[in-house]
Amino acid sequence: MLKSIEHKQLAETVSRFVAEEINPFADEWEKAEQFPSHELFKKLGNLGLLGVKYPEEYGGLGLDFSYSAVMAEALGDCDCGGVPMAIGVHTDMCTPALARFGSDELRREFLAPAIAGDVVGCVGVSEPGGGSDVAAVKTTARKQGGDYVINGSKMWITNGMMADWCCLLANTSEGAVHKNKSLIMVPMNAKGVSRQKIKKIGMNSSDTAQLFFDDVRVPVKNVIGQEGLGFTFQMLQFQEERLWAAANSLRTLDRMIDQTIAYTRERKTFGKPILDNQYVHFRLAELRTEVECLRALTYAAVNDYVSGKDVTRLASMAKLKCGRLSREISDSCLQFWGGMGYTMENPISRAWRDGRLVSIGGGADEIMLGIIAKLEGTLPDSRR
């Protein structure tokens, strides 16, 4: 495991921030279906928590991705899933390609303010008819003079209602679907950008939007890296997103088990604590073991990623497993809470609703299985 002194110090800082700045307001933000992202992000930025892995010259801490994973795990102390997700989108999903491949000018214009917490970012990949099929995106960005003119829409955009800019994947040419796309930085105050809030069954404290682009003009210089490499860059961003999701799930899963142990120890049926039933304490032991297995897999993948290895296989496995466990553990724990587990304000029911997204967002379980199967050589087209 990573857990150096520096990792532990970072985790303690994040957990303290969660306890002081997030959890006291989580219920309020859940009801409002929005949290004060600019205010909260500025506080995070002041602590250096929005750029732990990014270069110091842009305001980051200059550390490696293992610190992002540790921060993601510590954010699992939050009493809701929406706020950590919004933070993770900003730190590890809409900024990796910008930081790695963007020009110095782009990084100073978009990355540095994001690290400082002065702006909120989002990433525009999924579309109403596309979902996890990234190659099928229809949004276009056609050159006119020194500008791209963007038309299309994006769906399920976390931070979409509050974002100041979007890292947008669009088709910039005709031809092969894996080679005709580019990532483009789009200011959300540009003429022709509009947004519509999406109501969800969970992750309620985090805003989610559908974005519309109607003849939106941005300078050609806003393309990240080289035109036509957007699909490749987005696949690299997905690696960090999936590792972040796996790491973020760990403490959330542990907390569900902890809360269920505490409740079933106090709650009695037929004259004895629910926890004293062998099925209950055996099941909780089994679930805890599953979490530790996921923790080992996740940090093995993180270590490999930091070492420069290809982690497509392990990251896909970790993402698949964290989604499956989010469903399995929340459902099992909710059952042991009985009727109380089915009430809206119960922490397990909230985790049950929030955690259902993990098997869908950032690449659905079926996409992860397809990637793993291909790498294992079990798909028909991978055996040729």
Worksheet entry | Relative compactness, the range 232-382, computed as alpha-carbon Rg over 2.2 N^0.38 Å | 1.19
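Expressed in whole Å with the largest first, what are the equivalent ellipsoid semi-axes of the range 122-227 derived from the C-alpha gyration tensor as the square root of 5 times each eigenvalue? Before the final figure, lay out the partial values.
On the way: eigenvalues 105, 50, 22 Å².
The answer is 23, 16, 11 Å, longest axis first.
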Worksheet entry | Value of relative contact order over the range 122-227, rounded to a whole percent, pairs C-alpha under 8 Å and six or more apart | 31 percent
Worksheet item: Distance in nm between label sites at GLU292 and ALA176, each 7 Å beyond Cα in the beta-carbon direction?
Response: 4.7 nm
Discussion item. Based on alpha-carbon centroids, what's the gap between the range 274-306 and the range 123-152 in Å, whole number please?
Written reply: 40 Å
Worksheet item: In which sequence would ASP310, ASP27 go, from the one with the fewest C-beta neighbours within 10 Å to the one with the most?
Response: ASP310, ASP27
Worksheet item: Pairs LYS42/LYS179; LYS321/LYS374; LYS154/LYS191: which exceed 28 Å Cα-Cα?
Response: LYS42/LYS179
Discussion item. Can you sort LEU98, LEU379, LEU297, LEU63 from fewest to most other Cβ atoms within 10 Å of each residue's own Cβ?
Written reply: LEU379, LEU297, LEU63, LEU98
Practice prompt. Using Cα pairs closer than 8 Å and at least 6 residues apart in sequence, work out the relative contact order for the chain, in percent.
Written response: 16 percent
Worksheet item: Can you pull the Kirkwood radius for the range 196-307, inverse mean 1/r over Cα pairs, to one decimal in Å?
Response: 18.8 Å
Response to the item:
For ALA135 and HIS281, extending 7 Å from Cα along the Cα-Cβ vector and measuring point to point gives, in nm, a value of 5.3 nm
Worksheet item: Can you list the residues, at least 5 places off or on another chain, whose amide H is less than 5 Å from the amide H of SER126, using H built in the peptide plane?
Response: MET155
Worksheet item: Kirkwood hydrodynamic radius of the chain from all distinct Cα pairs, in Å?
Response: 21.4 Å
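How much length would be gained if the chain were fully extended between ARG313 and PHE212, taking 0.36 nm per residue of separation minus their Cα-Cα distance, in nm to one decimal?
My answer for the length gained is 33.0 nm.
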Worksheet item: In sequence order, what are the phi-derived ³J(HN,Hα) couplings for the range 8-23 according to the Karplus relation 6.51 cos²θ - 1.76 cosθ + 1.60 with θ = phi - 60°, rounded to whole Hz, with x for glycine and proline?
Response: 5, 5, 5, 4, 5, 5, 5, 4, 5, 4, 4, 5, 8, 10, 10, 4
Discussion item. List the chymotrypsin sites (Phe, Trp or Tyr not before Pro) within the range 209-270 that DSSP assigns to loop and that have no more than 15 neighbouring Cβ atoms inside 10 Å.
Written reply: PHE270
Worksheet item: Working out 0.36 nm times the residue gap between ILE198 and GLU57, then minus their Cα-Cα distance, what length gain in nm do you get to one decimal?
Response: 47.1 nm
Practice prompt. For the chain, with a Gaussian network of springs between Cα atoms less than 10 Å apart, report the residue from GLY152, GLY88, GLY117 with the top mean-square fluctuation.
Written response: GLY152
Discussion item. Let's see if you can work this out: charge +1 on each Lys and Arg Cβ, -1 on each Asp and Glu Cβ, no other charges. What is the dipole magnitude of the range 122-227 about its Cα centre, in debye to the nearest 20?
Written reply: 100 debye
Practice prompt. Quote the charge dipole size of the chain about the Cα centre in Debye, to the nearest 20; the model charges only the Cβ of Lys and Arg (+1) and of Asp and Glu (-1).
Written response: 760 debye
Item to complete: Please sort 358-367, 190-199 by packing, taking for each peptide the average over its residues of neighbouring beta carbons within 10 angstrom, highest first.
Response: 358-367, 190-199
Discussion item. Suppose every Lys and Arg Cβ carries +1 and every Asp and Glu Cβ carries -1, with no other charges. What dipole size does the range 232-382 come out with about its Cα centre, to the nearest 20 debye?
Written reply: 400 debye
Practice prompt. Could you pull out every one of the aspartates and glutamates with an alpha carbon less than 15 Å from that of LYS181, ignoring same-chain neighbours closer than 8 positions?
Written response: GLU127, ASP133, GLU227
Worksheet, complete the sentence: Most fluctuating of ALA247, ALA19, ALA11 in the GNM of the chain (C-alpha, under 10 Å) is ALA19
Worksheet item: Normalised by the residues of the range 212-341, what does the relative contact order come to in percent, with Cα pairs under 8 Å and at least six apart?
Response: 34 percent
Item to complete: Among ILE372, LEU320, PRO347, flag the residue with its Cα farthest along the positive direction of the charge dipole of the range 232-382, charges on Cβ as +1 for Lys/Arg and -1 for Asp/Glu.
Response: PRO347
Practice prompt. Go ahead and estimate [θ] at 222 nm for the chain from helices alone: -39,500 (n - 2.57) per DSSP H run with n ≥ 4, summed, over the residue count, rounded to 500.
Written response: -15000 deg cm²/dmol
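Read the figures in this text as sums done on the coordinates, not as results from a lab. What you see is a predicted model; the values in this text were computed from it and never measured. Heads up, the Cβs are rebuilt from the backbone with ideal geometry, glycines too, and the neighbour counts pull from every protein chain shown.
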